[in-house]
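Chemist: Quick one: the structure is below, and I'll ask about it shortly.
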Amino acid sequence: SALGSMAVIAVVTLGLGIRVLRWRTGHRARMLDPIFAARTLVLAHACAYAGAVILGWHGGVIADQIPLLASRAGTPAVETALLLIGGSVIMVAIGFIVERFCRIPPEEGDDEGLSEGGRTPDTEGGLA
């Protein structure tokens with residue numbers, strides 16, 4: 001049930017992120033609600049953080065089972081922990097990807113205030 005919940009959260013996050021990305025890349029039939037974009041960004045952050053916490057928790061479970069792994073290798077606890085580790089890595093990846101989808105592209109003529117590398121010194125790109 002936990003793996004199913006993680007999958008639903010990841011799919012919803014990716015779906016909302018794709019809506020923001022499509023608008024950002026030019027499919028602008030109507031204006032994108034900025035609150036929707038901000039909520040999508042917050043959901044992406046939460047997805048990445050939750051995936052990291054689940055990864056750490058179940059990584060600890062596996063680390064705790066290392067001395068007993070030879071005798072418990074096929075138990076459901078170890079298999080479930082490994083599945084949840086894989087799912088949490090996917091959640092973290094989707095969270096980071098959707099965060100990138102929510103970046104605001106630079107405005108045209110925004111050349112003032114750029115440093116030597118062509119970036120503004122205080123930011124590396126705005127988020128929605």
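The values are calculated or read from the model by the stated rules, or taken from the named source; none is laboratory data. If you're wondering where the values come from, they're calculated on a predicted model, not measured in any experiment. No Cβ is skipped: glycine too gets one built from the backbone with ideal geometry, and neighbour counts run over all protein chains shown. Note: areas computed on protein heavy atoms with side chains; ligands, DNA, RNA excluded. Shrake-Rupley method; radii C 1.70, N 1.55, O 1.52, S 1.80 Å.
Chemist: SER71 to ALA46: extension gain in nm, 0.36 nm per residue of separation minus the Cα-Cα distance?
Modeler: Full extension of this stretch gives 5.3 nm more.
Chemist: Go through SER88, SER5 and list them by solvent-accessible area, largest first, probe radius 1.4 Å.
Modeler: Result, largest first: SER5, SER88.
Chemist: Continuing with this model, one more query. Loop-only trypsin sites (Lys or Arg not before Pro) in the range 17-83, please: DSSP not H, G, I, E or B, and at most 12 other Cβ atoms within 10 Å.
Modeler: Taking the range 17-83 and a limit of 12 other Cβ atoms within 10 Å, the loop trypsin sites (Lys or Arg not before Pro) found are ARG28, ARG30.
Chemist: How many nm separate the modelled label positions at ARG39 and HIS27, each set 7 Å beyond the Cα in the direction of the Cβ?
Modeler: Reported label-point gap for ARG39 and HIS27 is 2.0 nm.
Chemist: So how do VAL98, VAL42 rank on accessible area, 1.4 Å probe, biggest first, that is with the largest at the start?
Modeler: Details: VAL98 0, VAL42 95 Å².
So, going from the largest accessible area down, we get VAL42, VAL98.
Chemist: If DNA, RNA and ligands are ignored and the probe is 1.4 Å, what is the ranking of GLU99, GLU79 by accessible area, most exposed first? Working shown, then result.
Modeler: Numbers: GLU99 35, GLU79 95 Å².
Largest to smallest exposure gives the sequence GLU79, GLU99.
Chemist: Could I have the simple spin-label model distance between SER5 and ILE104, label points 7 Å from Cα toward Cβ, reported in nm to one decimal?
Modeler: For the pair SER5/ILE104, the computed spacing is 3.5 nm.
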